[in-house]
1. Yes or no: segment 91-99 includes at least one residue that is without any contact (Cβ under 8 Å) to a residue 12 or more places away in the chain and under 16 Å from the mean Cα position of the chain (by Cα).
2. Within segment 105-117, is even one residue at pLDDT 80 or above and open to solvent by 20 Å² or more (accessible area, probe 1.4 Å)?
3. Of all the residues that make up segment 32-55, how many are open to solvent by less than 70 Å² (accessible area, probe 1.4 Å) and modelled with pLDDT of 80 or more?
4. Is there any pair linking a residue in segment 166-177 that is modelled with pLDDT of 90 or more to one that is not in a helix (DSSP H, G or I), with Cβ under 6 Å and at least six apart or on different chains, and which?
5. Please state which of the following conditions K40 fails to meet, knowing it meets all the rest: (1) in a loop (DSSP other than H, G, I, E, B); (2) touching a Phe, Trp or Tyr at 6+ places or on another chain (Cβ under 7 Å); (3) under 18 Å from L103 (Cβ atoms).
6. Pull out all pairs, ordered by first then second residue, where Cβ-Cβ is under 7 Å, the residues are six or more apart or on different chains, the first lies in segment 137-164 and is closer than 24 Å to A36 by Cβ, and the second is of a type in the set (F, W, Y).
Amino acid sequence: MTLPRGFKANAEREALRLRRELDLSDTDALNVDDLADHLKVKIVSAEKLVSHTRLEELERVQAYAFSAATFQVSGRNIVVTNPLRTPGRRASDVAHELSHLVLKHDLTEIREVNGMPFRTCRPDEEEQATAFGGTLMLPRPLLLGAVRRQWGPAQIAEHYGVTEEMARYRYNTTGVAKQVRGR
């Protein structure tokens, strides 16, 4: 599956626009809780809704079946996060869910895991939310600065509070290392 033509460039512009609204520079770390507040989205840990034991049971039945989900309750968007995830993974998950809202995706598909129903988006929209979530957390100018400091994905992840997988994904898909080395 590929992203629509022009998606990446538009995602970079939109990520930088949202960062400006939060009074962040292009290279500041993004706190997803601040972005959620700005977008008027409430973030709730799933353990406030179901027992920790039930979450662990779901994890045993199907690992990573639930990381975060968005619900609309009484006209308000709520992102429910999984407390079993690392802080970096939680940040990526919240950025992904906020991306669905910014991109105006519809929750259309219903899936069931161990008797728990989940609504999700189409696969192409999931791919868009993953790409845009990564762009929100690690926009191109931020990555360029990191590469100029000779940071790899591990240092980027640690400094900006994301998973190493997310840092590697953005590092590779933006081509920033090649751009800096090519000068």
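The values are calculated or read from the model by the stated rules, or taken from the named source; none is laboratory data. Small disclaimer: the values here were computed from a predicted structure and weren't measured. We place every Cβ from the backbone using ideal geometry, glycine too, and count neighbours over all the protein chains shown. The protein model used for the area step is the full one, side chains on, heavy atoms only, and it has no ligands, DNA or RNA in it. Shrake-Rupley method; radii C 1.70, N 1.55, O 1.52, S 1.80 Å.
1. Taking segment 91-99 as the starting set, the residues that turn out to be without any contact (Cβ under 8 Å) to a residue 12 or more places away in the chain are none.
Within segment 91-99 (the criterion being without any contact (Cβ under 8 Å) to a residue 12 or more places away in the chain and under 16 Å from the mean Cα position of the chain (by Cα)), the answer is no, since none of the residues qualifies.
2. Yes, segment 105-117 has at least one match.
3. Number of matching residues: 11.
4. Final answer for the pair search is R170/L138.
5. (2)
6. M137/Y160; L138/Y160; L143/Y171; I156/Y171
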